[in-house]
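Visitor: Please find one structure pasted underneath; my questions will follow.
Throughout, read-outs are computed from the coordinates displayed, never taken from laboratory work. Just so you know, these numbers come straight off a predicted model, no measurement behind them. Neighbour counts are summed over all protein chains in view; Cβ atoms, including those assigned to glycine, are modelled from backbone coordinates with ideal geometry.
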Amino acid sequence: MFRKPIFFISILVLLLFCSIQNVIAADPNWKEKQEALFKQTGLEPGEKITKKDTDRIKDLVPPHIVEYLERGWIDMNIGEFAFDPQPDDEWINAGQKNAGKYKLDAKDNLVEVTTNKPPLYVYGIPFPDLDIQSDSNGAIKYMYNRMLSMDRVGHTKHPFSLEWVGANGFERVLANSWNKFLYWSRPKGPISNPKRYRDKQITAVTSPYNLAGTAQLTFRKTDGTPDEVYVYVPAIRRVKRMSGANRSDPYMGTEFTIDDAYGWAGLETTMKWRVIGEKIGLLCIEKWAASNLNKMNELPDGTWITKPGRPPASVGWEVDGWKGAKWAPAATVWIPRHFIIIEAIPKNHYYNGSKFEYWIDKDLYAVNHKIMWNKAGQRWKISLLFPEFMEWMGKRTISYPSHTFYDEKTKHATIGRSDGLVMGYEMFYRFNCPDTPGDYTLGKFHLISK
């Protein structure tokens, strides 16, 4: 007498399981597409590329990577994804619903087609049908798509380390915190926003003691005007107003700048963007992140947090017997992917750098390489950024557990790490934190140092 109810319950459970899987899995043919890219490149998972093999990969990476490989500074092991890295279906579908809703105004700011005003809330990429090659504004529209895709984590908080690395290895470390309150792309939906902010950000030093409390507060508005930037200096116990261009200044004497976060964390309207081209390239990623989804835990207040125990990114200076550059990543693989290459030139003459080039995984919106030129037009700094893929609340989003910044003029590097146990500091990500926009005010800013 119980067979029919049990049968129907089983069917319901199966349907529920399938629906949950469909929320995340976007492309059932991802393995076949990955295999096709290996055939196109002539590479195979498990291969090790040496300085004798650079002809095989010279068209798949920026020129400096070929140079570093020939000098023996970096390793190149070919790998593959063990899972589909694409965003979840819910995000993709949300973007499709935005077709025709948004455009750029005369200042290249994102506005609604119906009102000609900046939106208070956007969910999903704003330009889902973008033809990046034929659209004269294709590059900046792509960067808006990228920004929304990166910023879909709600109120986020996470610590991160910055390590000075010279020719002889490790020199010193800074512990920091990054807090960002997002008004666009919030998974919880829109929130009251009378001042029309896009987001608010606080970056602060937490260690060592003599620098702890130094902090930067940024207000970014929806109208595309320059960021409002404030800096708190504990030594004088004062908050100072700075120019938005100060986000391109070296952060605490490192090779890293605030706008370098995630490859590009600046304001889209501050740059002149241009598409250089599209090509198959090699995505450099931590071996662990290519094999494992970072599945987060939900806390009682609705916050999602990374689980402890994730191995931190490995850097040359801390690996016994490492023969490459001390700053080089020591446990990565290189995976064939489709790239879009975009150039950015600062509109503000006081912005540090004359030109920037981004190699971005076209489908994932993940910046992997950033190349910077100085005011003299010389190649100056390079950055390698290593994405990982987070699963939480039925979503799949991208974070960057490791950044590498190398200054070719000073021969000095900075390593940023933000997940796992790093030099005694427990790093983690927190997404969808409780809404506390009042914490991001000038009145409370000085409390960061307490």
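Visitor: Taking 0.36 nm per intervening residue step and subtracting the Cα-Cα distance, what contour gain separates Glu391 from Asp363 on full extension?
Guide: Numbers: separation 28, 0.36 × 28 = 10.08 nm, distance 1.75 nm.
Full extension of this stretch gives 8.3 nm more.
Visitor: Place the peptides 78-90, 44-56, 147-159, 123-135 in order of packing, highest mean first, counting for every residue the other Cβ atoms within 10 Å and averaging per peptide.
Guide: Values: 78-90: 19.4, 44-56: 12.8, 147-159: 22.2, 123-135: 17.1.
Output ranking for 78-90, 44-56, 147-159, 123-135: 147-159, 78-90, 123-135, 44-56.
Visitor: Still on this structure: Between Thr115 and Ile191, take the C-beta separation as r, use R0 = 22 Å, and let me know the FRET efficiency to the nearest 0.05. Don't skip to the answer; put the middle values down first.
Guide: Numbers: r = 20 Å, r/R0 = 0.89.
Calculated transfer efficiency: 0.65.
Visitor: I need the phi-derived Karplus couplings for region 114-131: 6.51 cos²θ - 1.76 cosθ + 1.60, θ = phi - 60°, integer Hz, Gly and Pro marked x.
Guide: 6, 10, 6, 10, x, x, 7, 8, 9, 9, x, 5, x, 10, x, 9, 5, 9
Visitor: Based on a Kirkwood Rh over C-alpha pairs, give the Stokes-Einstein translational diffusion coefficient of region 387-450 at 37 °C and viscosity 0.692 mPa s in µm²/s.
Guide: On the way: Rh = 15.2 Å.
The Stokes-Einstein estimate is 216 µm²/s.
Visitor: Another question, then. Among the listed pairs Lys58/Lys409; Lys370/Lys444; Lys33/Lys157; Lys141/Lys307, give every one whose C-alpha distance is greater than 26 Å. Write out the running numbers ahead of the final one.
Guide: On the way: Lys58/Lys409 23 Å; Lys370/Lys444 34 Å; Lys33/Lys157 35 Å; Lys141/Lys307 35 Å.
Beyond 26 Å between Cα atoms: Lys370/Lys444; Lys33/Lys157; Lys141/Lys307.
Visitor: If Rh is defined by the Kirkwood formula over all Cα pairs and Rg also comes from Cα, what ratio Rg/Rh do you get for region 180-239? Numbers along the way, then the final one.
Guide: Working: Rg = 14.2 Å, Rh = 13.1 Å.
Reported Rg/Rh, Kirkwood definition of Rh: 1.09.
Visitor: Would you mind computing, in nm to one decimal, how far apart the modelled labels at Lys103 and Phe83 are, each placed 7 Å from Cα along Cα→Cβ?
Guide: Going from the Lys103 label point to the Phe83 one covers 4.1 nm.
Visitor: According to a simple spin-label model (label point 7 Å from Cα along Cα-to-Cβ), what is the distance in nm between Lys295 and Asp129?
Guide: 3.9 nm
Visitor: Can you give the Kirkwood hydrodynamic radius of region 92-150 from its Cα pairs, in Å with one decimal?
Guide: Working: mean 1/r = 0.0873 Å⁻¹.
Computed over region 92-150, the radius equals 11.5 Å.
Visitor: Another question, then. Taking only the alpha carbons of region 340-435, what extent do you get along each of the three principal axes, in Å, biggest first?
Guide: Extents along the principal axes: 46, 33, 26 Å.
Visitor: Which distance in nm do the two modelled labels at His64 and Ile236 give, with both placed 7 Å along the Cα-to-Cβ direction?
Guide: Simple spin-label model gives 3.3 nm for this pair.
Visitor: In sequence order, what are the phi-derived ³J(HN,Hα) couplings for region 169-181 according to the Karplus relation 6.51 cos²θ - 1.76 cosθ + 1.60 with θ = phi - 60°, rounded to whole Hz, with x for glycine and proline?
Guide: Each residue of region 169-181 in turn: x, 5, 10, 7, 9, 10, 9, 9, 10, 10, 10, 9, 9 Hz.
Visitor: What is the distance in Å between the Cα centroid of region 163-193 and that of region 326-402?
Guide: 15 Å
Visitor: Going by amide H atoms built from the backbone, whose H comes under 5 Å of the H on Lys272, apart from near neighbours?
Guide: Ile345, Lys347
Visitor: Go through region 279-285 residue by residue and turn each phi into a ³J(HN,Hα) via Karplus (6.51, -1.76, 1.60, θ = phi - 60°); whole Hz please, and just put x for glycine and proline.
Guide: Taking θ as phi minus 60°, the curve returns 6, 7, x, 10, 7, 8, 8 Hz for region 279-285.
Visitor: For the chain, give me the percentage of DSSP beta bridges that are antiparallel, rounded to the nearest 5 percent. Don't skip to the end; give the middle numbers.
Guide: Values: 105 of 108 bridges.
Beta bridges within the chain, antiparallel portion: roughly 95 percent.
Visitor: For region 268-345, report the convex hull volume of the alpha-carbon atoms normalised per residue, in Å³, without decimals.
Guide: Numbers: hull volume 15.1 nm³, N = 78.
Per-residue hull volume (Cα only) is 193 Å³.
Visitor: Put one equal scatterer on each alpha carbon of the chain, apply the Debye formula with no solvent term, and list log10 I(q)/I(0) at q = 0.06, 0.07 1/Å to two decimals.
Guide: Summing over Cα pairs of the chain leads to -0.26, -0.35.
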